[in-house]
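For reference, the structure discussed in these notes is given below.
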Amino acid sequence: MSTEKATVLHSEFRPPRSALAFSRRTLSVLWLLLFGLLTQSSLASNSWKRTISDRYEPGTRNMSYLITNATIFTGVKEKDGNVRVVTGDLLMTNGIIHALGEDIPRDLLAELDPRELTIIKANGSWVTPGLVDINSRLGVVSSPPLHGSDDWDSTKGPILPWLRSIDGLHTRDNAFELAMAAGVTSAHILTRASNSIGWFLLPLTFVIKLRRTSKGSALSMVVDPPQDLNYTGGPPTWRHLLQSCNEETKRYGNRMDMIWSMRSAYHEARKVMKAQDAFCAKVEAGVWEPGMDSFPDSLQWEILVDVLRGKVKAVDIDNMVRLSNEFGFPLAAFLHASEAYLVPALINGSYESVPAVALSSTNHRYSRESFRGSEFAPAILASYNLPIIMTTDQPVINPRQLIDEARKAYHLGLSADLALASVTSAPSDALGLGYRMGLLQEGYDADIVMWDSHPLQIGAAPVHVWIDGMRQIPLTKDSGRSTYSIGTGVTDVVEPDDSRMNAPGQPSYWRERQDVVDWDGLPPLRGRGEGSRMVFRNVKEVWTRSRNRIEESFAADKDDLGIVIVEEGKITCAGTPDDCIVLGDQPTVDVDLNGGSISPGLLTFGSPLGLEEIANEPSTADGKIFDALTVDVPSIFHDVGGIVRAFDALIFDTRHARMAYRFGVTIATSTLAKPHRLYENDDSFVWGLSTTFSTNAAHALEPQAIVQTETALHVRISRPRFDVRGPATSVSSQLAALRRLLYGWESRDTDTGVYFRKAAEGVIPLVVEVHNADIMASLIMLRAEVDAKIGGQMRMVFTGATEAWLLAKELNQARVGVILTSLKPVAATWDQRRILPGPPLTNETALSILLNSGVVVGLGVDHPQMAVETRFQLAQAYHDSMTSATAREVYGLATTNLERLLGVKGIDPSSADLVAFDRGSVFNLSSKVVAVISPQRSQVDIL
């Protein structure tokens, strides 16, 4: 059993500056004897006594705020185990929460200068603690990343506890503002887990507040900096250490090598600790004389010595648990613990304390260590009373999606209270900062988010965000501190959407959770085929395909729900119970949809779904293709472009594909193009031909397994990445090569000549992965040149297309379509730096601007494990585009629009798969896929 990372958090006491004559470090060691008794009580009592925050910055930006008539999620657990939710007011001043509840004492308000008090009328809006990301690289992997700011890794050895990644923190990272606009106020900054012990923010890792301070330094962003950095004689503080036992450390050897390196490091630290104990014993016995012996210290090993002193909260699982027991230090949290839900007893066996488990909701099966990971893991772990933390592992999942991780965990079975706690109080507690962060309580840091609807609703966005009592979101135009915000002015009266003020309904996945446990993480994923007559009852709406669009073929009249009869996989009647009468003696299977819906199966594009099983295991994928611009294609190809077909590399029955099917994705168009990953980029120019297939098929010879053998021709045009390895081709060279290929100079005796000619003539689409608006403009002009020369009408499509919104009008005029792969973009390359983030920073999104400009738009994903999220993407798009797109048009983003852009022709409207949702539609978190109706296979799959 394995996990990718483990973080160790260690406490350190700050002794008085005037402490005797024989060294501050000596007193520090002596104080550690009492630290276990003093630390928690000291920190907790300190937070309640505070009337001013240690992070308070006097000035015009630090006002006092009174939020009135709010629904306040405090995060504080009551005796019955439920979290206390208060309807009332909240007062923050001097950087802390001064009071909250139904009746704030008038004398507290009377003490404030009314000129420095801002009153915000919440009108029932939800207010929560600021979100905390326990696994982030904000400011270490900058946005956009550049070689000069690449400070997230060290190759100097597996054991590096003496490094301080605060020295690599970039305080003006553009992603800070994007994260704050998503409600994230604090982050635990890690770096790449390529060392067994090493790469830490400060001595080890540390927690930062995301607001930019007046000092502008990295240290001023740190919460509770330790004495080694900023000794002030204050209360004890925690230190944080990252320890890794994962695949990335294999550059220094296998797991046995890693564990030995860690054991040997702790052995050295234990020798230093014993020498210190002997020295302290002399001092206590009165046999030590100043000047005779010096305190045995080691700058190299001092952090591990502190770990071994047992004043530790801590962050292959089995190896880490054994290590913690061997050397006697507790673990605070397991990060990336995809398989932790399979061994709850093992986690409970950690030294002294029960660690939290930090993980993603759906990002599993990308490595051997995460292959048994499950979307249902958070709910399963919670059933064992283990603390659950949802995280992003930024930049793997961008920081704007932290609340989305909690939403998906809630949808998949985690309670609403635990889902919100998983991104507020749970990470704060694991970091040893639960005495001042993660709760809304008197004396706590004023890190607060006010939402426009319930935080677990898809599309809910912050209206206001405070860090240390200073309002960060929204920012006005004249603040001079915003990278993305257009500054529409600050609103101090909030008008919430009453229809979205409660948490969405939660579907039941109890059977799926039990199957995952029973099958040790690898349950069978095939549905149960039913060929007999099916009757779906209590149906609210039915959407079906026409030739080029999605049509609503039935809509219930208010609460008068309908009925749908399916015979041999085909809908024979959809209407009211009076319209559709079940007759005859034929066996019938009834399914109650409880106000649910039936709609077309979804299409996924953008990832190598069906072309790899485990991304980090080359033996489970097709392998690296030749790049015609940087590597000579072997002569046996007899084709300078080295055109390949994704169809030839298809792998059916992968767990990624099966899970996508169970979430309503019935068809996939896949290309051999690999998504960008840090240090794993593959910038090949020509990616060959994509293919379209059924996600439910067991093999290629199964009927209807292959929808279209050759779908579109794919190329990538981009600037060299900051972490490029090996030769890189210039943009001008890439465009010159593409121009030559489209002009038809390559012989028709080669695949390159044939397929680029087809693309130039518009026979197949040319899909270009491109993010930069300037490159897009060059491609639009190139398209016009080729049309004029060839006399065809090229079907050009941009995928990725982060900056496409800048050319929305021109794209429409040129009839160039766009496939967006992120609705919450963050600049992952320089080519993506001009993003349009959307609310609350900008009123519009890239999607809304493109749709309003008449551009044909589709949605895609980057990674196979993310195909399951297609339905959540549609829900987000529906919410974001309610004023610019109808439900029919949003359905098209992952069906007809996407098929049109990619040139998918093999889908007959009368035989296309339909998906049945229980308790809602694809646009609701409350709904769940329960069946797939397949006319082609003359059956219904019950899932």
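The values are calculated or read from the model by the stated rules, or taken from the named source; none is laboratory data. Worth saying up front: this structure is predicted, and the values here are computed from it rather than measured. Here Cβ is always computed from backbone atoms with ideal geometry, including for glycine, and neighbour counts include all displayed protein chains.
Here are the numbers for the structure shown:
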quantity: Criterion (outside the structural domain of Q704 (by TED's automatic domain parsing), farther than 15 Å from W543 by Cα and either part of a strand (DSSP E or B) or not charged (D, E, K, R) (or both)) met by exactly one of V940, V904; calculated: V940
quantity: Residue in the stretch 59-70 that is within 30 Å of A332 (Cα to Cα), modelled with pLDDT of 50 or more and buried (at least 16 other Cβ atoms within 10 Å of the Cβ) present; calculated: no
quantity: Matching residues in the stretch 664-695 - criterion: being assigned to a loop (DSSP other than H, G, I, E, B), modelled with pLDDT of 95 or more and of a type in the set (S, T, N, Q); calculated: S690, T695
quantity: Residue in the stretch 432-448 that is assigned by TED's automatic domain parsing to the domain that holds N135 and either within 26 Å of V868 (Cβ to Cβ) or within 15 Å of the chain's Cα centre (by Cα) (or both) present; calculated: no
quantity: Hits in the stretch 120-158 - residues which are surrounded by fewer than 24 Cβ atoms within 10 Å (Cβ to Cβ), at pLDDT below 80 and part of a loop (DSSP other than H, G, I, E, B); calculated: P144, P145, L146, D151, W152, D153, S154, T155, K156, G157, P158
quantity: Single residue of the stretch 76-106 satisfying the filter (of a type in the set (G, A, S) and either under 13 Å from D447 (Cα atoms) or over 29 Å from the mean Cα position of the chain (by Cα) (or both)) that is surrounded by the fewest Cβ atoms within 10 Å (Cβ to Cβ); calculated: G101
quantity: Which listed residue, of S884, S848, is outside any helix (DSSP H, G or I) and in contact with a Ser or Thr (Cβ under 7 Å, 6 or more places away or on another chain); calculated: S884
quantity: Residues located in the stretch 901-916, provided they are in contact with a Pro (Cβ under 8 Å, 6 or more places away or on another chain) and within 27 Å of L713 (Cα to Cα); calculated: L901, L902, G903, S911, A912, D913
quantity: Lone qualifier among L38, L117 - being over 34 Å from the mean Cα position of the chain (by Cα) and at pLDDT below 85; calculated: L38
quantity: Identity of the residue in the stretch 913-939, at negative phi, among the small types (G, A, S) and under 32 Å from the mean Cα position of the chain (by Cα), that ends up surrounded by the fewest Cβ atoms within 10 Å (Cβ to Cβ); calculated: S926
quantity: Subset tally (residues that are surrounded by fewer than 24 Cβ atoms within 10 Å (Cβ to Cβ) and not hydrophobic (A, V, I, L, M, F, W, C)) for the stretch 409-431; calculated: 4
quantity: Residue check for I625: closer than 28 Å to L741 by Cα and under 32 Å from the mean Cα position of the chain (by Cα); calculated: yes
quantity: Contacts under 7 angstrom Cβ, first residue in the stretch 382-394 being under 29 Å from V140 (Cβ atoms), partner assigned to a loop (DSSP other than H, G, I, E, B) and among the charged types (D, E, K, R), 6 or more apart; calculated: Q394/R137
quantity: Sole residue being within 24 Å of the chain's Cα centre (by Cα) and farther than 25 Å from R471 by Cβ, chosen from S822, S853; calculated: S822
quantity: Subset tally (residues that are more than 24 Å from R900 (Cβ to Cβ) and among the aromatic types (F, W, Y)) for the stretch 539-563; calculated: 1
quantity: Out of Y351, Y366, sole residue that is over 17 Å from V396 (Cβ atoms), assigned to a loop (DSSP other than H, G, I, E, B) and among the hydroxyl-bearing types (S, T, Y); calculated: Y351
quantity: Residue selected from the stretch 558-586 under the condition within 44 Å of the chain's Cα centre (by Cα) and of a type in the set (V, I, T), by the criterion farthest from V932 (Cα to Cα); calculated: T576
quantity: Options R739, R719; residue that is closer than 27 Å to L807 by Cα, over 28 Å from the mean Cα position of the chain (by Cα) and not assigned by TED's automatic domain parsing to the domain that holds R937; calculated: R739
quantity: Failed item in (1) surrounded by fewer than 24 Cβ atoms within 10 Å (Cβ to Cβ); (2) in a loop (DSSP other than H, G, I, E, B), with F647 passing the rest; calculated: (2)
quantity: Residue in the stretch 449-466 that is under 23 Å from R834 (Cβ atoms), part of a loop (DSSP other than H, G, I, E, B), touching an Asp or Glu at 6+ places or on another chain (Cβ under 6 Å) and modelled with pLDDT under 95 present; calculated: yes
quantity: Candidate set from the stretch 585-642 (those that are of a type in the set (D, E) and in contact with a strand residue (DSSP E or B) (Cβ under 6 Å, 6 or more places away or on another chain)); member that is farthest from G569 (Cα to Cα); calculated: E612
